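Inspection log for the structure reproduced underneath, given as C-alpha cells.
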Amino acid sequence: EGFSSVKCFLSLYRFQACVYFASVFQAMSCGIHYLASVFMAVTPNFVCGFPGNVSSVLFHNSSASSIEDIWTLWTSTENYIVVQLENGEIWELDQCSRSKREVNLDLAYEYKGNKSVFPCSDGFLYDDTKWKSTVVTQWDLVCDREWLAKLIQPMFMLGVLIGAVIFGDIADRLGRQRVIWFTSAGQFVFGIAVAFTFDYYSFVIVRFLLAMVSSGYLVVAFVYVTEFVGIKARTWASMHVHAFFAMGIMIVALVGFLARTWWVYQIFLSIATLPFVLCCWMLPETPFWLLSEERYEDAQKVIDTMARWNKVSTPCKVSELFSVQQDDLASGRTGDDDTSSAKKHNILDLFCNWQIARRTITVWLIWFTGSLGYYVFSLSSVSLGGNEYLNLFLIGAVELPCYIIACVAMDKLGRRNTLIPFLILSALICVLIMFIPQDFNILIILANMAGKFSIGVAFGLIYLYTAELYPTIVRSLAVGSGSMMCRVGSVVAPFCVYLRSVWIFMPLLLVGIMALLSGILTIMLPETLGKPLTNTLVEATEMGRNKKSSSEKTPPAPSGAELEKIEMFGQEKVSTDK
C-alpha cells in the first residue's frame, strides 16, 4: 500500500514531486554540516615542539632521523619521544610537556638522571599522515585548550536548537518560500565563510550561524513539503526527508576521504548543494500559507500552475472552496457560541492529569533518547577502528532502509508495536557491543550499524506517533515540545561521546539505559493505528484508559476527500529537526 501510494504520487502529482525532490535535496546539506566536525575537528597524534634542529629521534628500540618516521609506531598517548638536537641537547617530548636531560650521555630511551621540565612554548608537532590540517592543529586546541575543541560540536547543536525556534516562527509570519531562500543561501555563504575564519572564536561564531540556518531550513522544508504532498504519500514523503539527511552524512565520509585539509574539506562540503541555491528561487509559496494570509489571488495562481503541471483540466477555485468554508464556520458558530472564544493552551496542559502527564514524560524521553542515540552512534563511528571514512559512510547508509522499514511496520504492526521492540533492541545491541572483543573490528562496526538502524526506526516514527497521541488543541504544542527535547539530546550527545575517555563503553551504556527505559515506558502508551485523531484532552485521556469507550465516544475518522478539504483551510503545521 505504501509503495503504491508513492508510485501514485510520482505519476499523478508531477508538480508536487518536483517541488518535493528539489526541497529535500537541500536536506543533504543539513546532514553534511551537522556531521562535518567528525573530520574537521579530529585530534591527531601530537607531542611538544622542541627548540632547534633534530639530528636523531628515538622511540623505544626504534631510531629515525625525523619525528615523521616515528608516528607509525605511536600506540598510546602515554608514550614519549626522545630527540637529540644538533647542539647535543637531549629532550623527552610528551604530549603536553617536554623535559631536558641535564646529563647528555649516549642517546638512550630510558634515563634515570635529573631533568628540567618546560612547557610547550614552541608549539606542537602533529601527525599529518592521515590529516594534513584540522582546526585542532590550526589553532593548537590540545592540552589546556582541549576543552575548546570539545565545545565545537555542542555549540553547533546549540545553534541548531535556537535556529529551529527562530526560523520556525519566521516561516509562519513571512512564509515558507522566503525562509527557504534565505536559509539555503545562508548555508552556502556561512559554509564557505567557515573555511576562511581567522581564529577559533570567529570559527565557532560562523559555525553557530551556519547551524541556525541549517536547522531553520530542515524545519521549514519539512513543513513546506508536507503542505504540498497529498495525504496518501505524506507519511513516506515526510519520513524520507530524513533519508536525504542521511545521504548528507555519506557525502561527509566521501569528501573527508578525498580532502584531508580542513578548509578545503569545508569548501567542498559547502558547494555540494550549490545547484539548489541557484534554482531555489523558482520554488513557489505553499497555497496553505497564502490562504492563511488571505492572499487568495496568489494562492489561485499556484493552484493553476499545479493544475497545468499535473494536466488537470478543471482546477479547483479558491473562491468556491473559501465560500464553502465560510458557510461551515457560520453554521458552526450558530450551533455553539462558546466555540468563538477558544481557550489558549500552554505547556501545562500536557500535564493536566496523570494519564496525559505520564504520556508526556514518556514521549519526551523517547524524543531525547532517539536524538541522543542517533548522534552517539554517528559521532562515535570514526573511533570504532578500521577505516573511519567507511565507518561513517556505512552509519549513514544504514539509515536508508530503516525509514522504509519504519513506514511499513508502523502501518502493519502499529506505532507502539513498532516502537517498543526497536527501542529495546537498540538497548540490547548497546550491551552486546560491550562484550565484543576489541580486535573484532568488523563485528563491532556491524553491531553499531544495527544499533543505528534500530534507533533510527524509533527516531523517525516518534514524529507521527506524537501527533496522534495528543488532541487537536495541544497537538502542535506536544510535537513542538518533543522536538525541543530532541534538540536537547543533540546538544548532550557530543559530551556523552567524550565520556569514552573515562570508559570506552560509557556512551553506549548511557544510550542503552535510556533506550531500555523508553521501551518499557512505551508499553503504557496507547496504540493509535487505525484510530481517529482526538479533539479534546478528555478524549485523549479516554484513549489511554479504555480502548472500547474511546472508539465509541469518538466520531469516525474522516474520509480522504474530507481530510483534504480540512487540510486546505486548517492544516496543522508540525516541525521537525534532527
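The values are calculated or read from the model by the stated rules, or taken from the named source; none is laboratory data. Everything quoted here is computed from the prediction, not taken from an experiment. Virtual Cβ from ideal backbone geometry, glycine too; neighbours counted across all protein chains shown. These accessible areas exclude ligands, DNA and RNA; they are computed on the full protein's heavy atoms, side chains included. Shrake-Rupley method; radii C 1.70, N 1.55, O 1.52, S 1.80 Å.
Descriptive notes on the structure:
- Residue, surrounded by the most Cβ atoms within 10 Å (Cβ to Cβ), within the range 147-158, restricted to residues that are closer than 12 Å to VAL42 by Cα and not β-branched (Val, Ile, Thr): GLN153
- Flag for THR314 being under 25 Å from PRO471 (Cα atoms) and modelled with pLDDT under 80: no
- Applying a threshold of 9 Å to beta carbon distances and a minimum spacing of six or more residues, or different chains, the list of pairs starting in the range 361-389 at a residue that is of a type in the set (Asp, Glu) and ending at one that is part of a helix (DSSP H, G or I) and open to solvent by 20 Å² or more (accessible area, probe 1.4 Å) reads GLU388/VAL382.
- Across the range 53-70, the qualifying residues are those that are exposed (fewer than 15 other Cβ atoms within 10 Å of the Cβ) and farther than 14 Å from GLU110 by Cα, and the one among them that is farthest from the chain's Cα centre (by Cα) is SER55.
- Taken across the range 537-546, residues that are over 23 Å from PHE156 (Cβ atoms), open to solvent by 10 Å² or more (accessible area, probe 1.4 Å) and touching a Cys at 6+ places or on another chain (Cβ under 8 Å) do occur, with at least one present.
- Selection within the range 98-126 - under 13 Å from TYR80 (Cα atoms) and exposed (fewer than 10 other Cβ atoms within 10 Å of the Cβ): GLU110
- Hits in the range 128-146 (condition: under 14 Å from MET40 (Cα atoms) and assigned to a loop (DSSP other than H, G, I, E, B)): ASP128, LYS130, TRP131, LYS132, THR134, ASP140, LEU141
- Members of the range 373-388 found to be part of a helix (DSSP H, G or I), among the hydrophobic types (A, V, I, L, M, F, W, C) and more than 16 Å from PHE156 (Cβ to Cβ), listed by number: PHE377, VAL382
- Within the range 433-486, if we keep just the residues that are farther than 18 Å from GLU399 by Cα and charged (D, E, K, R), the residue that is least open to solvent (accessible area, probe 1.4 Å) turns out to be ARG475.
- Per this entry, VAL82 is counted among residues that are at pLDDT 85 or above, crowded, with 16+ Cβ neighbours inside 10 Å and either outside any loop (DSSP other than H, G, I, E, B) or within 45 Å of the chain's Cα centre (by Cα) (or both).
- The C-beta contact set for the range 189-207 (first residue at positive phi, second residue open to solvent by 50 Å² or more (accessible area, probe 1.4 Å), distance under 9 angstrom, 6+ apart or interchain) is empty.
- Answer residue from the range 395-432, given it is open to solvent by less than 20 Å² (accessible area, probe 1.4 Å) and polar (S, T, N, Q) and is farthest from VAL252 (Cα to Cα) among those: THR418
- Test set (1) touching a His at 6+ places or on another chain (Cβ under 6 Å); (2) surrounded by fewer than 21 Cβ atoms within 10 Å (Cβ to Cβ) - SER214 fails condition number: (2)
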